[in-house]
Amino acid sequence: MPILQLKNVNKTYNNVTRALEDISLTIEKGEFVSIIGPSGAGKSTLLRCINRLVDASQGDVIFDGRNINHIRGKELRKVRTKMGMIFQHYNLVNRLSVIENVLHGRLGQKSTLVGAIGIYSEKEKEQAFLILDKLGLTEQAYKRCDELSGGQKQRVGIARALMQEPKMILCDEPIASLDPNSAKIIMDYLSDINTTMNITCVINLHQVDVALKYSKRIIGVTAGRIVYDGPPNELGTKKLHEIYQSREGQLINDIEELAI
Amino acid sequence: MSGKERKEISVFIKRRRIYTITFISIIALFVFAALITEYDPVKGVLSFPKATVWIASNLIPNAKSLVRLPNILKKLGETALLSVAVTVVSAVFAFFFSLLGSKTTKVNGVIARAVRIFAAFFRNVPDVVWAILLMFSFGQNVLTGFFALFFTTFGMLTRTFIETIDEVSSDCVEALNASGATYMQTVFQGIVPSSLSEIITWVMFMIETNIRSSTLIGILTGTGIGYLFDLYYKRLDYPSAGLVVLSIVILVIMIEMVSTNIRKVIL
């Protein structure tokens, strides 16, 4: 059974701007999928349609064998706990400590009151420290998030997502604000989580070379449509130019020979 | 000269023209207003020394006025406590209203707009006008002052809280929503920690403002430190009235210092 299925998903903003057009795709459990495409192509909207931060105008989103298109309130929150999300700008609560931010991953599984006043069980705290240890953040546990570097913040973001015990992690440009060194660390962690914990990863990326290197499947999105869906080694220069609607020599990847 | 260069130069000329027009308009407005109100700028400036001399010779507290100090401090304490109470109560109301009015946490667009208009209405009616209006229903009473300050403080804080929430917390709200947190969890785990120091800064600022305003409202409603000032002033006991003013100034400065320190600790 596939973990995620999108069937003819459309999204129009204010009945005018078409962000997504007839998106259909199937993602199997444990896949590591990169979505590439120019800015404004609808990559972020596509990702947010999956966890319903954005509601699709038409079509069905089927997660883990269940149509989640029309569920609301408590049910929706319960489904969201099974999908972690990582953001370009980390989206942490900067004034709180690292460990508090990691524990936020548990909020969805707690009662409103207990979560709101921030009471966590010993077991949850132990688990949070285990995850921090895995991501090499043990020493930062009690630091405030605004004291951290970008790479460390993104690792806290990953830790928060893992705390949810998700079946799938959605990453919206996870390395777009990071230097190449931190970017590699983050991608390695995501890859590691994917293989060792069998968590499905869907990643929006601007860096084509990174996408090609890490993922076994690439989805190319242009103007709200899927124009490529296949393994990285079949994505040639021609197809890449079609995705980015560019001509020979206009892409940064054209400078060196693309390592396909 | 190419067309592009000419266009660039015309931008500078245009900007200089805008500055000149603005400057001339301000002067013209001043002259116009002075003519209508028969205001003589020279006379206005010259009256400054005269006023200073009068204040120096009349409003300086003397030994006799110091006898009234315990009474003044008692009333000042009452006024300060009233301001704190008003501000805290309105801050609680304002916080929950601002959640409804903020773009990141609104329940729906219509309510958000209604909250903004509601807050703007309460904010834009001056507290003194509220006091005069409320005197019809409550009479000369502490409650009149309380509600007058409550309305303006509530309006002001709702607006500033909305701005603070929009500015600080949209990112973490998105993340907490995505993780399946409930609305209240998002508010208390995301928004409150993110905006707490700004909220406290505004609350402290409103406490200061309210001490100053309550003096004026007290004159109207015959309560608190304002009443005392009015009393001494009308009795021509200027040194005591001066002492009242001085004590208010000292109190406001003290509160400002305290709030700076609190902010340092929280930040």
If you project the alpha carbons of segment A:6-131 onto the principal axes, what extent comes out on each, in Å, largest first?
-> 47, 32, 29
How long is the protein assembly as shown along each principal axis, judged by its Cα atoms, biggest number first, in Å?
-> 95, 76, 43
Cα-based Rg / Dmax (Å) for segment B:80-198 | 16.2, 54
From other protein chains only, count the Cβ atoms within 10 Å of every residue's Cβ in B:185-192, then give the mean.
-> 6
Per the Cauchy relation, a quarter of the hull surface: what is the mean projected area of the convex hull of the alpha carbons in chain B, in nm²?
-> 23.8
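What number comes out for the charge environment of residue B:44, summing +1 per Lys or Arg and -1 per Asp or Glu over other residues with Cβ under 13 Å away?
Neighbourhood net charge equals 0.
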Taking chain A, how much of its Cα-Cα pair set, in percent, is spaced more than 33 angstrom apart?
-> 21
Phi angles of segment A:91-97, converted by Karplus (6.51 cos²θ - 1.76 cosθ + 1.60, θ = phi - 60°) into ³J(HN,Hα) in whole Hz with x for Gly and Pro, give 6, 8, 8, 4, 7, 9, 6
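Based on DSSP, what percent of beta bridges with both residues in segment A:145-260 are antiparallel, to the nearest 5?
The antiparallel fraction comes to roughly 50 percent.
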Kindly put A:163, A:1 in sequence by how many other C-beta atoms sit within 10 Å of each C-beta, fewest to most.
-> A:1, A:163
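Any idea what the dipole of segment B:16-115 comes to, in debye rounded to 20, about its Cα centre with Lys/Arg Cβ at +1 and Asp/Glu Cβ at -1? Could you put the intermediate results ahead of the total?
On the way: 11 positive and 3 negative charges, 46 e Å.
Here the size comes out at about 220 debye.
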Along its principal axes, what span do the Cα atoms of segment B:174-267 show, with the longest given first and each in whole Å?
-> 68, 28, 12
Cα-Cα over 20 Å, subset of A:78/A:153; A:216/A:239; A:29/A:82; A:7/A:43; A:7/A:29 | A:78/A:153
In order through segment A:145-162: 3J(HN,Hα) via Karplus (6.51 cos²θ - 1.76 cosθ + 1.60), integer Hz, x for Gly, Pro | 4, 6, 8, 8, 7, x, x, 5, 4, 5, 5, 4, x, 5, 4, 4, 5, 5
Using the Karplus equation 6.51 cos²θ - 1.76 cosθ + 1.60 (θ = phi - 60°), what ³J(HN,Hα) coupling, rounded to whole Hz, does each residue of segment A:190-202 give in order, writing x for Gly and Pro?
-> 4, 4, 5, 4, 4, 7, 7, 9, 6, 9, 5, 10, 10
Percent antiparallel among DSSP beta bridges with both residues in the protein assembly as shown, to the nearest 5?
-> 55
Which percent, to the nearest 5, of DSSP beta bridges fully inside chain A are antiparallel?
-> 55
Where a Cα-Cα gap under 27 Å defines reach, which lysines qualify for residue B:234, not counting those fewer than 8 residues away within the same chain?
-> B:50, B:64, B:74, B:75
Given H placed 1.01 Å from N in the peptide plane, which residues other than close sequence neighbours of residue A:227 have an amide H under 5 Å from its amide H?
-> A:220, A:221, A:222
Rounded, prolate or oblate (a/c below 1.5 giving rounded, otherwise prolate when a/b exceeds b/c) for segment B:1-136 by Cα gyration tensor | oblate
Given +1 on the Cβ of Lys and Arg, -1 on the Cβ of Asp and Glu, and no further charges, what dipole in debye does segment A:132-231 carry about its Cα centre, rounded to the nearest 20?
-> 200
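Report the charge-dipole magnitude of segment B:151-241 in Debye, nearest 20, computed about the Cα centre from +1 at each Lys and Arg Cβ and -1 at each Asp and Glu Cβ.
Approximately 540 debye in magnitude.
Each reported figure results from applying straightforward, stated rules to the coordinates on display, with no laboratory input. Quick caveat, the model's predicted, so the values are computed rather than measured. Because the Cβ atoms are built from the backbone with ideal geometry, glycine has one as well, and the counts that use them run over all protein chains shown.
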